[in-house]
Amino acid sequence: MIGLTSLWTDRRMNVEPEINPRRAVFVLGKIDEILSWEKTKEQEKDVRFVELGEYLCEVRAKQYWKLEKLTSFDNFLEKRFPESRRKAYYLMAIHENLTRVGKPQLREVGWSKAVELVKVARKDGEEFDCATWLHRAKELPKEGFKTEVERYLTGKETEPWEIIYFKLYKSQLPVLEKALETAALMLGTDKSRGYCLEMMCADFLAGSATQENQSEVLVLSLERLYQTLPQVGREQLLGRLREGPWKDCVKSDRVLP
């Protein structure tokens, strides 16, 4: 009994599956075909992602990657997705978690919205209201739907966001990391790195705000900072403003929200 139960890992038998070479060659060929098609036809990225996720799941489950003399499924993904394996895992999650959603409906909403649907499906489990969330995905723009999902998962109001990429040399990283760490200590360790970067930029603008539009950006950043402060911190800030060189600019009876 002990020897038998030791074969189970995460409710799956830890036994290598028997590979069907003919099927394996077909599936691997389909994956390469779709990836090659994506490079030339932008439209296909939101049409064939359903097939791609299904085929990737089969490669992982049946271990077809062994036909290419690779040592793991991760090596297979590194070979097919050299820039980032994240999208591959997203597509696989869509196939595994949205089984109640038809393929034509998934193609209609696109893979980026389908990824958001996965988050809701994982949270709700059997109670996932497929029809309602599909309707929202079709009606709302991508960023609006992402915000709606975030609000549902966290119960908090959120604002639209985006990920920004830019290159840094390795020699620059220590300076940036130290600056973010210092900002976090000053603003509170619970603040996101994005928020800390915003405050660092606001501080820079404070020293170089010579144009009206720069001053406006600085004021907006300071307003956001004030809103995140606890009541004690707000009172201390107002007290310093009234007593410092800005006392003529701050009314003593003014109450900020």
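Overview of values
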| read-out | value |
| --- | --- |
| Options Lys146, Lys170, Lys138, Lys178; residue that is assigned to a helix (DSSP H, G or I), of a type in the set (D, E, K, R), modelled with pLDDT of 80 or more and farther than 30 Å from Leu98 by Cα | Lys178 |
| Count - residues of region 68-103 that are closer than 22 Å to Asn20 by Cα, hydrophobic (A, V, I, L, M, F, W, C) and assigned to a helix (DSSP H, G or I) | 4 |
| Leading residue by the ranking (nearest to Tyr64 (Cα to Cα)) among those in region 8-28 that are of a type in the set (S, T, N, Q) and at pLDDT 55 or above | Asn20 |
| Selection from region 110-131 of residues that are at pLDDT below 90 and closer than 12 Å to Ile94 by Cβ | Gly110, Trp111, Ser112 |
| Residue in region 80-96 that is surrounded by the most Cβ atoms within 10 Å (Cβ to Cβ), counting only those that are more than 19 Å from Lys119 (Cα to Cα) and of a type outside the set (S, T, N, Q) | Arg80 |
| Conditions (1) touching a helix residue (DSSP H, G or I) at 6+ places or on another chain (Cβ under 8 Å); (2) surrounded by fewer than 18 Cβ atoms within 10 Å (Cβ to Cβ); (3) in a helix (DSSP H, G or I); (4) free of Cβ contacts under 8 Å to residues at least 60 places away in the same chain: number failed by Arg107 | (4) |
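The values are calculated or read from the model by the stated rules, or taken from the named source; none is laboratory data. Computed from a prediction, not measured in an experiment: that's the story for all the values here. Note: ideal-geometry Cβ built from the backbone for every residue, glycine included; neighbour counts use all protein chains shown.
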